[in-house]
Amino acid sequence: MIGDWSTARGPLYSRLARAIQSAVESGSLGAGSRLPPERPLAEALRVSRTTVVLAYGKLREQGLVESRQGSGTWVPRRTSFSSPAPRDERSRSFLVDSLSRAASDAPADTIAFIGACLPGSGLELADEWRAAEADVAEIACGTGYSAQGWLPLRRAIAAHFETRGVPTTPDEILLTNGAQQAIDLVGRLLVGRGEAVILEDPTYLGAIDAFTLAGARLLPVPVGSTGVDIPALRRAAQQATPALVYLVPSFHNPTGSVMPEAARREVASLAETTGVAVVEDESLAELTFGAEPPPPIAAFAPRATVFTVGSLSKLFWGGLRVGWVRGPRPLVTRLTRFKVAADLSGSLIGQALATRLLARRAEITRLRRRESRRRYDRLTALLRESLPEWSWTEPSGGLTLWVRLPDPSAEELARVALRHGVSIVPGPVHSPSHGFADRLRLPYVMDEGPLAEGIARLARAWHECLKPAGERLDVIV
C-alpha cells in the first residue's frame with residue numbers, strides 16, 4: 001500500500017508518515033482500517049520501532065489516525081476526503097509509482113532494473129530523422145492531427161501482419177502511444193466495473209495496472225515454459241464469463257516463454273466458440289534467441305474478437321512511443337473514439353520517423369537480436385559470479401530474466417536494495433494473485449558499466465538480507 005516509501009526525502013519517520021497519509025487519502029486505508037502494531041511494522045520495514053512510533057504520532061497530530069492503549073491504531077470513521085478512490089482503482093499502481101519516483105524521489109545515482117527497453121544508440125536515429133524531413137514537411141501542411149494515426153505507418157504495419165499470416169487492412173489498425181495505451185484503451189472499451197479479466201500468472205505488470213484501473217476483477221491462470229495453461233484457461237473462461245483474456249504468447253513478460261502453435265490454435269478456438277475477446281500482446285515478438293515464434297493467435301481466429309497489440313519501443317527504442325492495436329474494424333473505430341477523448345492524436349512526427357525505421361526492420365531486427373543475446377549473456381555471467389545461489393531458466397527471447405531466489409524474500413530484497421542504490425521489481429508485482437514471492441524480474445538492457453555496478457549493489461543488498469536480524473544495518477531515524 002505504501003510502495004517504496006523509504007526513497008523519499010526527509011527524516012525516515014516523516015517519509016513513513018507521508019506514505020501512510022497517501023494511503024489514507026487514496027482510499028487504500030479506508031475509514032475504520034487498522035494499522036499494524038508498531039513492533040511488527042518496524043520489523044517488516046526493517047526500521048527501528050522509534051521510527052514507527054514517531055510516524056504514528058505525526059499522523060495522530062494531523063487527525064489522520066487514532067490510537068488507544070490496548071486497542072491499537074486505526075483510521076477514524078469520521079475521516080473523509082473529497083473523492084477517495086475505490087479499492088480496486090488504487091491497489092495496483094506499481095508502473096505509475098515507479099516512473100514518478102524515478103523522476104522525483106529516487107536518489108540521482110540509483111540504478112534501476114525496471115524498464116525493459118534497449119537503448120537507442122547504434123540505430124542511427126539522427127540519420128533516419130534527417131531522412132524523414134520530407135515527411136515532416138508534408139505533415140506540416142495539415143493540422144497535425146490524425147485520430148487513427150498516420151496512414152503510411154498503418155499501411156506498413158498492416159503489410160507486416162500479412163507476412164505473419166494475418167490479413168490486415170490499415171483501417172483495422174489504431175496507432176497508440178506505445179503498447180501500454182493500446183492495452184488501456186481495450187480495457188476501457190470492453191471491461192465494466194466488477195467484470196472478470198483473465199491474465200496469466202505472472203504477467204506484464206502494466207496490464208495488471210490497466211485492467212485494475214478499469215475496475216476489473218482479475219482472474220489468474222498459470223503460465224509455464226510453453227505459455228498459458230490451456231486447460232486452466234478453458235475452465236476459467238467457462239466459469240467466469242470474462243470480459244477479455246490477456247495473454248503474452250511470444251517471449252512472455254516476465255518469463256520469456258513462447259506459446260506453441262497448437263496452444264495458439266486452442267486459444268483461437270476458445271475465442272470463437274465462447275465469444276470471449278482475446279488481447280494478445282506481441283510487443284516482444286521480434287526478439288528471439290533462436291526459432292521464430294508461431295503466427296499470432298489472430299491468424300487462427302478470423303471469426304473471433306482478437307486484438308493484437310504491438311510496439312516499436314522494444315525493437316527500436318523506448319523513447320519512440322509508437323504502438324498499435326489491430327482488431328475488427330468496427331471495434332477499432334470505437335477504440336479510436338476512446339483515444340481521441342484521451343489525447344486527440346498521437347505525434348505524427350514520431351510516426352513518420354517510425355515509418356522510416358520500419359523500412360529497415362529486417363536489418364534492425366538482426367542487430368537487436370544479437371545485442372539482446374549479448375546483454376543477456378553478460379547479465380547471467382555477473383549473476384553466476386556474484387549471486388551463485390540464484391537460479392533461472394533461460395528464456396526463449398525477450399528482454400527479461402525471471403530469477404528464482406533461494407527463499408521467498410523478493411519484496412524484502414527490493415526494500416533493502418533501494419538503500420543500496422538499486423531498484424528492482426519483485427515477483428509479486430507481476431502476479432495478479434500476489435504470488436511468486438521468491439522471484440524477481442531483471443531486464444538485460446543496460447550498458448556494461450551500470451549493469452556491473454547494479455549487480456554489485458544487488459549482491460550487497462542480498463547478503464545483508466541473509467544476516468541475522470541482530471546483525472543487520474538499521475536505519476537512523
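The values are calculated or read from the model by the stated rules, or taken from the named source; none is laboratory data. As the structure is a prediction and not an experimental result, all values here were calculated from the model. Please note: Cβ atoms are built from the backbone with ideal geometry, for glycine as well, and neighbour counts cover all protein chains shown. Heavy atoms of the whole protein, side chains included, go into the accessibility calculation; ligands, DNA and RNA do not. Shrake-Rupley method; radii C 1.70, N 1.55, O 1.52, S 1.80 Å.
On a full-extension model of 0.36 nm per residue, what is the gain between THR143 and GLU292, subtracting their alpha-carbon distance, rounded to one decimal in nm?
Here the answer is 49.6 nm.
Given labels modelled 7 Å from the Cα in the Cβ direction, how far is it in nm from ASP109 to THR241?
With each label point 7 Å from Cα toward Cβ, the separation is 5.9 nm.
Only Lys, Arg, Asp and Glu count, each charged at its Cβ (+1, +1, -1, -1), so figure out the dipole size of segment 134-216 about its Cα centre, rounded to 20 debye.
120
Would you work out what percent of the accessible area of the chain, with all protein chains in place, is carbon or sulfur (probe 1.4 Å)?
Heavy-atom surface of the chain belonging to carbon and sulfur, 1.4 Å probe: 53 percent.
Among DSSP beta bridges whose residues both lie in the chain, state the antiparallel percentage, nearest 5.
Rounded to the nearest five, the antiparallel share is 55 percent.
Can you give the Kirkwood hydrodynamic radius of segment 403-448 from its Cα pairs, in Å with one decimal?
For segment 403-448, the Kirkwood estimate is 11.0 Å.
Please get the size of the charge dipole for the chain, origin at its Cα centre, with Cβ charges of +1 on Lys and Arg and -1 on Asp and Glu, quoted in debye to the nearest 20.
Computed about the Cα centre, the dipole is about 860 debye.
So which lysines pass the test for LYS314, namely a Cα distance under 29 Å, with those fewer than 8 places away in the same chain ruled out?
LYS339
Of the chain, which part is the longest with no chymotrypsin sites (Phe, Trp or Tyr not before Pro) in a loop (DSSP not H, G, I, E, B) and with at most 12 other C-beta atoms within 10 angstrom?
It works out to 146-477.
Kirkwood Rh over alpha-carbon pairs of segment 181-246, then Stokes-Einstein at 37 °C and 0.692 mPa s: what D in µm² s⁻¹, rounded to an integer?
Once the numbers are plugged in, D ends up at 278 µm²/s.
Where the only charges are on Cβ atoms (+1 Lys, Arg; -1 Asp, Glu), what is the dipole of segment 243-318 about its Cα centre, to the nearest 20 debye?
That gives a dipole near 80 debye.
With the crude spin-label approximation of a point 7 Å out along Cα→Cβ, what separation in nm comes out for GLU453 versus ARG60?
4.4
Please express the shape of the chain as an equivalent ellipsoid: the semi-axes are the square roots of 5 times the eigenvalues of the C-alpha gyration tensor, given largest first in whole angstrom.
After scaling each eigenvalue by five and taking roots: 39, 26, 23 Å.
Loop-only check: which GluC sites (Glu not before Pro) in segment 339-394 are DSSP coil with at most 16 other Cβ within 10 angstrom?
Passing sites in segment 339-394 are GLU389.
Determine Rg/Rh for segment 128-263; Rg is computed over alpha-carbon atoms and Rh is the Kirkwood hydrodynamic estimate from the same atoms.
1.06
Keeping every protein chain present and rolling a 1.4 Å probe, give me the accessible area per residue for the chain in Å².
So the chain comes to 43 Å² accessible per residue, rounded to a whole number.
Once segment 332-471 is represented by equal point scatterers at the alpha-carbon sites, with solvent omitted, what log10 I(q)/I(0) does the Debye formula produce at q = 0.09, 0.15, 0.19 Å⁻¹?
Normalising to I(0) and taking log10 leaves -0.42, -0.87, -1.07.
Starting at 0 and stepping by 10 Å, how many percent of the alpha carbon pairs of segment 147-206 end up in each bin?
19, 38, 33, 10
Which of the three applies to segment 202-329, rounded, prolate or oblate, going by the alpha-carbon gyration tensor with a ≥ b ≥ c and a/c under 1.5 meaning rounded?
Verdict is rounded for segment 202-329.
Which is the longest part of the chain that has none of the trypsin sites (Lys or Arg not before Pro) sitting in a DSSP loop with at most 14 other Cβ atoms within 10 Å?
79-192
Per residue of the chain, what 222 nm ellipticity follows from adding -39500 (n - 2.57) for every DSSP H run with n ≥ 4, rounded to the nearest 500?
-13500 deg cm²/dmol
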